[in-house]
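Some notes on the structure that comes next.
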Amino acid sequence: MNYIIRNLILAILLTIGALQITRCGGPTPNTADETETKSLTQSLQQSSSGVTLPPPSPSPSFTPSTPVNQPAVQTAPSGLTVTITSTGVQHSVSSTEYILNDDLKLSMTTDDSSNEIWYTLFTEEEARQKTEAELDPSRRSPAYKYDPILGISKPSIQNAVVTYILNVRAYDTSGNKTAPKTYRYHLDKKPPVLSFPIGGQSPLRMYSGSTHGLVIDEPGTVYYREDALELTERNPTGLTTTVMISSGMVHDFYLPWSTHARFILKAFAIDSVGNRSLTTTWTYCYYDPFLGDSIYKPCN
């Protein structure tokens, strides 16, 4: 009996010990947890094998609480003015074209004395040989920076017309610039030329009973007399017409159809800037040959 009781107590103690060991080892693993762990492991393995992962969610946009600074609006210099300082007679063809009977002298200014003025200045013949870049008055050769102390000066040529072309623009201290301006200056020291064209059977003959006109080769005033008296600006007989084009007919004269008629014409011209031509006299006599038309020709 004692043997049986001792074995029963030993079995009970072993059972209690086994239960304590199980309790100390933690809970039995859950099947769902094992499945989730396996799935995460497989996803990581696929990503490392080159499989593209879905893109991350976009970050929310950021709007600054203060506005971004905008660049200042750039404005070109203003008040660029070119002034003729020559003392001779001037004639304005337009606001950018002038005729002078003197040397060319110019000054240039802007509204701000700190601005720079750059220019190119060539004769008309020289300008034809230049490229557009060479004519541009930018901050590089062959342009020049205007010096207000020296100014600009170009000589005229006696008995000739020289045309200068000026291109100019201004820069401010920030580098802003104006559009280029172009001016034309005709230095005219050439007297006008008067002619009295004649026609007929030869360059020296005129048909009687027809009209023939004095012609001036540039704008100006013509003074004339149809007699042998002295001709001066104070004692002209008739014409003081200004020709509005570079050349043209000034006046028509009627040549009478009469025997032994004598036609005498004296004339000179003064152009728009005061150049005066010499006084010219034309003398023609009427002839009535037996054959052919009645004509005027220089008197013998």
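The values are calculated or read from the model by the stated rules, or taken from the named source; none is laboratory data. Since the model is a prediction, treat every value here as computed from it, not as a measurement. Here the Cβ positions follow ideal geometry from the backbone for every residue, glycine too, while neighbour counts run over all protein chains shown.
Of note:
- Selection of first residues in segment 112-134 that are touching a residue at least 24 places away in the same chain (Cβ under 8 Å) and of second residues that are assigned to a helix (DSSP H, G or I), restricted to Cβ pairs under 8 Å at least 6 apart or on distinct chains, gives the following pairs, ordered by first then second residue: Thr120/Glu134; Thr120/Leu135; Phe122/Leu135; Ala127/Leu135.
- Only one of the listed residues (Val162, Val168) is closer than 25 Å to Ala76 by Cα, of a type in the set (Val, Ile, Thr) and in a strand (DSSP E or B). That residue is Val168.
- Taken as a whole, the structure places Tyr98 among residues that are within 28 Å of Lys189 (Cβ to Cβ) and crowded, with 19+ Cβ neighbours inside 10 Å.
- In a residue-by-residue description of segment 103-110, the property of being at pLDDT 80 or above and charged (D, E, K, R) applies to at least one position.
- Verdict on Ser94 being over 20 Å from Pro219 (Cβ atoms) and either in the same structural domain as Thr178 (by TED's automatic domain parsing) or within 18 Å of the chain's Cα centre (by Cα) (or both): no
- Pairs where the first residue, in segment 159-179, is outside the structural domain of Ala127 (by TED's automatic domain parsing) and over 15 Å from Thr120 (Cα atoms) and the second is of a type in the set (Lys, Arg) and assigned to a strand (DSSP E or B), C-beta under 6 Å, 6+ apart: none
- Looking across segment 134-159, the residues that are surrounded by 14 or more Cβ atoms within 10 Å (Cβ to Cβ) and not in a strand (DSSP E or B) come down to Glu134, Leu135, Asp136, Pro137, Ser138, Ala143, Tyr146, Ser156.
- Residues satisfying the stated conditions in segment 104-133, i.e. within 29 Å of Pro192 (Cα to Cα) and either under 17 Å from the mean Cα position of the chain (by Cα) or buried (at least 16 other Cβ atoms within 10 Å of the Cβ) (or both): Leu104, Lys105, Leu106, Leu121, Phe122, Glu124, Ala127, Arg128
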